[in-house]
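Written below as structure tokens is the structure these notes are about.
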Amino acid sequence: MRVATAALCLATVACHVLAWPRAASGQVLPGGALVSQGPLRPLLLPPGPDGCTPPDLDFPPPPGLSDDAPADGSSCGDTQLLVLQPVGATHNLDTLNVMFFDLDGTSGLRSYSCDAITYDGHTGHDVAIRSFAYQDAGVPVFAARSGSVLYTHDGEADKNTTLCACEANYVVIDHGDDTAALYWHLRKDSVAVAMGQHVVAGQQLGEVGSSGWCTGPHLHFATTKLTAEKHITGWHESLVGACRPGTSGWIEQEPLFLDTTVLDFGASSTDPGTVEAFPYPPPVNAQIALTDDVLYLWTIVANIPAHDQAFFRFKRPNGTTAWTSATLDLGSGSFLRGLYTWFGFDVDDMHSIAGTWHVELVIDSVVAVDAPVDVVATVDPSFNRPPEPIGVTFEDAPKPQRPLVCRVLTDPVLDDLDWDIVRYHYVWKLNGSVVRDVITGGTRDVLPACTGAAGDDVECAVSAMDEEYELLPAGIRAFFPHDPWLDIGYALPAPGGPPPKLLASGTLDPGAPGQLAMSQMPPFTVAWLPFGLVTGTVPLKGGILVPFPIVGILPVVADGGGSVVLPFVWPAGVPAGVKVVFQAWAPEPAAPAGFVASNGVEGTVP
């Protein structure tokens, strides 16, 4: 394996979100022709009225399972909320949540945000990856929350593209509080846990596949209730929005992303209509010959409005425009969450001018892609360039009791200028010793909760690689802090707005300073800060009261920016292990029950 010595760019790379400076509208020029166009295929085909999981899903309870916390300390980091997006890829870059839970009990469609990004009767979230090529590279699935493995199944075929009455590979995690999570459609032979095993948030369960009743590679993630006998009793939505008020099932809920975005792109001299249909990988060529009759360009685009329009602009190696296509209709008459399509072009000058051409895909007057295409007199079959340089970051500050996410900073469209599938080699070290070493096809990898402790040195090093090259690694390093505070979630927002945010700081050592900082509160509002010594979950005003029983309530007044800061000095004599829990509540007329609430925070005296 050759090692590329290109310098590594550690800065954040701009992605193809269509918020760039606007380009001039396309003026059709002589010198080319649109030869063919592929169908507009959704990134994931809706599986029809029977859904992507069998409607009678009801497993027999396995014998010998207990809700008791394990004695080996592996309950560290347990929480009553989901703490991690479970797919080892970055949302809206190399993965897309294409379909949400359908809250409409009739034949209509209604997701948590009152849109139609779902299908009739859907009972979870479908998180899709870009093709079977990335499935083959391996995209991990991680536990979104700690618990015990209730059921597993493996060994089923994992590249289904049509609906079949066949079994899927899956894992079900019992969270120990009458709820469970289902991880469905996993890749064959990837299930990495066993029934009865305790897992922590961030532990790898398997890989994304297309097993069972399925039309493409994705994870169907769903949450459910359990009876005392461990029977599944019904599915429920974990996200909150205008059509599903209340508290979120996530510690931190991701915002709904609706910007038109290019997720993938490629060029080839092979007609995509002559190879296995998407989601099998489209054809690619590192070089295009002057004698090739047609240049085929394919793309995967997210969030296409109805009747969205686009055109292609072809620029010669000297930067002048050779030809601009007529306007192409990307829309299908209705909003599309994600689509794959392709176009074939015959550009006159591409048969006589060799060099690096540039092809621009312009969507609604915005340059979405500016892709280099190498045109040569004679194609070199061995020609290959290494992947483009990457950067690496931690998604959040390290905390011992939370999963730690290492994310690759890259352009998902131009990550390899030969259009090769890029894989990532993650090496995690704790105090200098390797604790995880894995190669995946996704831009996120996770160190499970409670792998390290306060003061430990944690490092994530990542190499981008294709079939021939592996770049020198880019890395990030940090120390797990001594932080006694945990965000335990349960914020209650008003419709259409962010929930109040509560942050706690301070070591809780005797005489040490600290503070409680509230933000995003209703301005100039008298609010209340209940506190207690136990984390409870008591329904209140459409939300969840976290400190229960309540020891006391502090009145606070938000300033004009909706902020409050309360400094404190921690008293001496408080025994180690004592917990203190806070949450902020404020009146808000726009909220269904007239109140909003912050997340809860829990501090443990060291």
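Bear in mind that the values in this text are calculations on the coordinates, not laboratory data. Given the structure is predicted, the values throughout are model-derived calculations rather than measurements. Note: ideal-geometry Cβ built from the backbone for every residue, glycine included; neighbour counts use all protein chains shown.
Below are the figures for this structure:
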{"read-out": "Karplus-derived 3J(HN,Hα), 6.51/-1.76/1.60, for each residue of segment 528-539, Hz, glycine and proline x", "value": "10, 10, x, 9, x, 10, 9, 7, x, 9, 9, x"}
{"read-out": "Expected-Rg normalisation [2.2 N^0.38 Å, Cα atoms] applied to segment 455-536", "value": "1.74"}
{"read-out": "Shape box of segment 371-521 [Cα atoms, principal axes, largest first, Å]", "value": "74, 44, 20"}
{"read-out": "Cut-off 20 Å, label 7 Å out along Cα→Cβ of VAL35, residues of segment 349-391 by amide N", "value": "349-361, 371-381"}
{"read-out": "Helix-only [θ]222 nm of the chain, DSSP H runs n ≥ 4, -39500 (n - 2.57) each, per residue, nearest 500", "value": "0 deg cm²/dmol"}
{"read-out": "Potential lengthening between ALA590 and ASP259 on full extension [0.36 nm per residue; Cα-Cα distance subtracted]", "value": "116.5 nm"}
{"read-out": "Neighbour-count order for SER268, SER505, fewest beta carbons within 10 angstrom listed first", "value": "SER505, SER268"}
{"read-out": "Mean-position separation - Cα centroids, segment 278-338 and segment 464-535, in angstrom", "value": "42"}
{"read-out": "Segment SER334-ALA397, extension gain: residue separation times 0.36 nm, minus the distance between their alpha carbons", "value": "18.6 nm"}
{"read-out": "Label point distance in nm, ASP293-TRP528, each placed 7 Å from Cα along Cα→Cβ", "value": "7.7"}
{"read-out": "Net charge dipole size for the chain [Lys, Arg +1 and Asp, Glu -1 on Cβ; Debye, nearest 20]", "value": "1400"}
{"read-out": "Convex hull per residue volume in Å³, alpha carbons only, for segment 212-260", "value": "161"}
{"read-out": "Added length on full extension, which subtracts the Cα-Cα distance from 0.36 nm per residue, VAL367 to VAL565", "value": "66.8 nm"}
{"read-out": "Förster radius 22 Å - calculated FRET efficiency between ALA572 and SER505 (Cβ-Cβ, nearest 0.05)", "value": "0.70"}
{"read-out": "Share of Cα-Cα pairs in segment 308-455 lying beyond 24 Å, as whole percent", "value": "54"}
{"read-out": "Furthest towards positive pole of dipole, GLY32, PRO567, VAL538, structure part the chain, Cβ charges", "value": "PRO567"}
{"read-out": "Dipole-positive endmost among PRO510, VAL171, GLN85 within the chain (Cβ charges, Cα centre)", "value": "PRO510"}
{"read-out": "Label-zone membership for segment 120-142, site GLU468, 7 angstrom Cα→C-beta point, backbone N under 17 Å", "value": "none"}
{"read-out": "Where Cα atoms sit under 19 Å apart: lysine pairs in the chain separated by 8 or more or lying on different chains", "value": "5"}
{"read-out": "³J(HN,Hα) computed for each position of segment 312-323 - Karplus, 6.51 cos²θ - 1.76 cosθ + 1.60, integer Hz, glycine/proline x", "value": "10, 10, 10, 10, 5, x, 8, x, 7, 7, 8, 6"}
{"read-out": "P(r) weight above 39 Å for the chain, C-alpha pairs, percent", "value": "35"}
{"read-out": "Share of pairwise Cα separations in segment 95-236, more than 24 Å, in percent", "value": "30"}
{"read-out": "Cα-projected label distance for THR604 with LEU163, points at 7 Å along beta-carbon direction, nm", "value": "4.8"}
